[in-house]
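Asks: The structure is given below, and queries will be raised subsequently.
Nothing in this text is a laboratory measurement; each read-out follows from the coordinates by a stated rule. Quantities reported herein were computed from a predicted structural model and do not represent experimental measurements. Cβ coordinates were reconstructed from backbone atoms using ideal geometry, including for glycine residues, and neighbour counts include every protein chain displayed.
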Amino acid sequence: MRASDRRRQVALPLVAACVGIIVIPIVASDFVLLQIVIKSLWLGIAGASLAFLIGQAGLISLGQTAIFGTAGYVMAILTLSHGINIWLAVACAVAGGPVAGLLVGLVSSRSSGLYLMMLTLAVGVFAFFFGQQYQPITRGHTGFNGFESPIVGGVDFNERRPLFYVTAVSAVLIVVFLRYVMGSPAGLAFRGLRDNRRRLAALGYSPATVTIAAFGVSGVAAGIGGVLSVWYNGAISPGSIDITRIIELLVVVTIGGAIRIEGAFLGALAVTLLRNFASDFTNRVETLVGAAFIIVVLFSRHGILGLWLEARSRTPQVFGALRSQWRLRSKAVAGPPAR
Amino acid sequence: MAPDRRNAAVATRVGVLLAHLPGRTGTPRPRLAAQVALGGLLVYYVTAKSIEIGDRSLLVLLNGLTAAALYFLMASGFTLLFGLVRVTNLAHGGVYLLGGYAALSVQQATGNWLVAIGLGFLFSGGIGIALYLLLRRLRGEGLRETMVTLGAAIVMADQALARWGGVPSDLDPPALLQGSLPLPASPLLYPKFRIAVIGLAVLAGLVLWLLLYRTRLGMIIRAGVDDQDMVSMAGIRVELVFCAVFVLAGGLAGTAGVAGGTYLSLAQGEDNRILLASLIVVIAGGLGSLRGAGAAAILVGLVEAFAQTHHAILSVLITFGTLIAVLALRPHGLFGQPVDARL
């Protein structure tokens, strides 16, 4: 890849993200900022962890809520039950993400495909029941309420704007981190796992280890998503990691399109918009979300992002170069361009 | 505690000794030794705990078997569907709930439990057909099919909430099965209906076995599990058979819903609880294996009942630990065959 191409690929999205971070709080109303932008950002971060697993390593995990929940619960338990300094708690929770990710990976490392999907679903639902049952630590059904985000130098992170900046900057950092991993030799091993497990093994890699590593990497994003969700909601309970949330993450990634991790943010935005505005005219929002999910899965392989890329690849001349590039790549692998 | 610990130590030592008996090659086998030792410890622990609560361990056993019966009804349909059509139906819990609720409405209208369970079976069989039609476009793409069933699960749960509300409700058992039976050799009573559920599962297992191994349809289904293309080459309309399996699986889940709705209750979230249990059963038993579903249902049911009695707070952890232990020993489940990883 030429240096200018690389610069365009890296710099353009970064500049766009920075402009977004500056412009959005000015343009958006308080409602939109809190209910839609921030929510879809932390949901997108959690979704990005799954998009990474699905799109890069070909592992459809339904256990991301277990990671998400571990980080969230660590955060809540350390601050609310033990009164530990909030930044220490944040550090522990963020570190808890990859650790939980490695554990989920360990449980499912010997399986793949559908088996892995079911096994991780069992892990995710297990985390929910553990939260609900193990009262001495998790406080059972009610969970933790009344979490207060920190106030630093007069900036109150319970306020919309500071919360937005924290969430948005984390989102950018997560994307940068995941893309860095994708570009590294480890990223190549993950794609090897996705495309041909046997050949990966023949090359001397252990598919089990690569699976565990992929879960570990995704745990970083899922953990940060969990921490931010606690900051946003001020609470965490088994309800935040129940099967609805498991499905929600998959919906977010599928609707957005797992071919790029950014798709998760697109999907999170779509789902959040649907949830907010559909509730104005119907009580059956979940039916609508479920139906939208089914339709997207039935008719599109890569979600909204896939539709867009497909449309772009059909546009003549203007994107001619891009088109040929895209075609080549989409022929090369069942999945999509890697970076 | 001291004698307890000494007994445990003895059990371990016996296990180690047993495992060191020469195998065919005459070499000691440390892995087997560890397994036998652990197994011995486990048996010792369970026996000790059961003796501790005396008579009531009979109740634990029966509760375990009742739960196993319900899990088997669920898991057998799930595993059949997977075995033949290669569909992982994550809406199975939703079918359970809707089948139970439909029967509830029928019972409220007619007052007859038998009519209710019959119509519950038909209704959930109908849902099976709907799922079949929905999934037909995606045949062969296991992961996308699974995602569609997940979407269907959301829709079903929400529709059940819309139609029947969030308050837990249950069906009345038929007059014949109301009340309790005295248990032999103890002053304890056990509800008749729960025993009937065990009978129902045994019956369902028998019928399924006869259907699969003694009829032409069963022959086709089993052949379809092995090689779909050859079956359709033989001039059999595989699509019809697929549809029949969807109906059967849906009907079994609906029947489980009626049984569960009678002795437990129907509520929001029940669909997920039962789905998790049957997932654990199916994975532990080996995907696609009916025998595995039966064996694992009993295992999971008993472990769960035991854990709920003796370690209420850790029961989910223990049930889940069982799954992990089974998978550690047999990665494809108790009776499972390796499944093509690229599904």
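Asks: If you look at just the Cα atoms of the protein assembly as shown, how large are its Rg and its Dmax in Å?
Replies: When restricted to Cα atoms, the protein assembly as shown yields Rg and Dmax of 26.4, 87 Å.
Asks: State, as an integer percentage, the relative contact order of chain B based on alpha-carbon contacts under 8 Å between residues 6 or more apart.
Replies: Computed over chain B, the figure is 28 percent.
Asks: So if a site counts as exposed when it's one of the trypsin sites (Lys or Arg not before Pro), its DSSP state isn't H, G, I, E or B, and it has at most 13 other Cβ atoms within 10 Å, what's the longest stretch of chain B without one?
Replies: Answer from the scan: B:25-236.
Asks: Counting Lys +1, Arg +1, Asp -1, Glu -1, what net charge surrounds B:GLU145 among other residues with beta carbon under 12 Å of its beta carbon?
Replies: Taking every other residue near B:GLU145 into account, the sum is +4.
Asks: What is the dipole size for the stretch A:110-240, taken about its Cα centre, with +1 at each Lys and Arg Cβ and -1 at each Asp and Glu Cβ, in debye to the nearest 20?
Replies: Dipole of the stretch A:110-240, to the nearest 20 debye: 640 debye.
Asks: Here is a follow-up. Classify the stretch B:177-222 as rounded, prolate or oblate from the Cα gyration tensor: take a ≥ b ≥ c as the square roots of its eigenvalues, call it rounded if a/c is under 1.5, otherwise prolate when a/b beats b/c and oblate if not.
Replies: Since a/c reaches 1.5 and a/b is larger than b/c, the shape of the stretch B:177-222 is classed as prolate.
Asks: Let me ask you something else. Would you compute, for the Cα atoms of chain A, the largest minus smallest coordinate along each principal axis and list the three values in descending order, in whole Å?
Replies: Sorted largest first, the three principal extents are 57, 48, 42 Å.
Asks: How do B:ILE117, A:ILE45, B:ILE324 line up, fewest other C-beta atoms within 10 Å first?
Replies: The fewest-first ordering by Cβ neighbours comes to B:ILE324, B:ILE117, A:ILE45.
Asks: Let me ask something else about it. Under a 10 Å cutoff between Cα atoms, tell me which one of B:GLY111, B:GLY93, B:GLY286 has the largest fluctuation in the Gaussian network model of chain B.
Replies: Residue with maximal mean-square fluctuation among B:GLY111, B:GLY93, B:GLY286: B:GLY111.
Asks: Rounded, prolate or oblate, given the Cα gyration tensor of chain B, with a/c below 1.5 counting as rounded?
Replies: Oblate.
Asks: What chymotrypsin sites (Phe, Trp or Tyr not before Pro) does the stretch A:231-291 have in DSSP loop regions with at most 14 other beta carbons within 10 Å?
Replies: Qualifying residues, ordered by number: A:PHE281.
Asks: Please sort through the DSSP H helices of chain A and keep those with an alpha-carbon extent of at least 20 Å along the long axis and a Kyte-Doolittle average not below 1.0.
Replies: What comes out of the filter, once short or polar helices are dropped, is A:3-27, A:86-108, A:113-133, A:160-183, A:207-233, A:263-278, A:285-299.
Asks: Counting only other chains, and only Cβ atoms inside 10 Å, what mean value do you get across the residues of A:124-131?
Replies: 5
Asks: On to the next question. Within 10 Å of each Cβ in A:133-145, how many Cβ atoms from other chains are there, averaged over the peptide?
Replies: If you average over the peptide's residues, the count of other-chain Cβ atoms is 1.
Asks: Okay, next question. Which value, in debye to the nearest 20, describes the size of the charge dipole of the stretch A:16-242 about its Cα centre when Lys and Arg Cβ atoms bear +1, Asp and Glu Cβ atoms bear -1, and nothing else is charged?
Replies: About 760 debye.
Asks: One-quarter of the Cα convex hull surface for the stretch A:156-243, in nm²?
Replies: The Cα convex hull of the stretch A:156-243, projected and averaged over all directions, gives 7.2 nm².
Asks: What is chain A's relative contact order, in percent, from Cα pairs under 8 angstrom and six or more apart in sequence?
Replies: 29
Asks: Once you have a ≥ b ≥ c as the square roots of the Cα gyration tensor eigenvalues for the stretch B:131-273, tell me rounded if a/c is under 1.5, and otherwise prolate or oblate according to whether a/b is larger than b/c.
Replies: In terms of gyration-tensor shape, oblate.
Asks: Follow-up question, since we're still on this one. Over the whole of B:140-153, what's the average partner chain Cβ count within 10 Å per residue? Rounded to a whole number, please.
Replies: That average works out to 6.
Asks: Sort A:HIS82, A:HIS141, A:HIS302, B:HIS92 by Cβ crowding within 10 Å, fewest neighbours at the top.
Replies: Sorted ascending by nearby Cβ count, the order is A:HIS82, A:HIS141, A:HIS302, B:HIS92.
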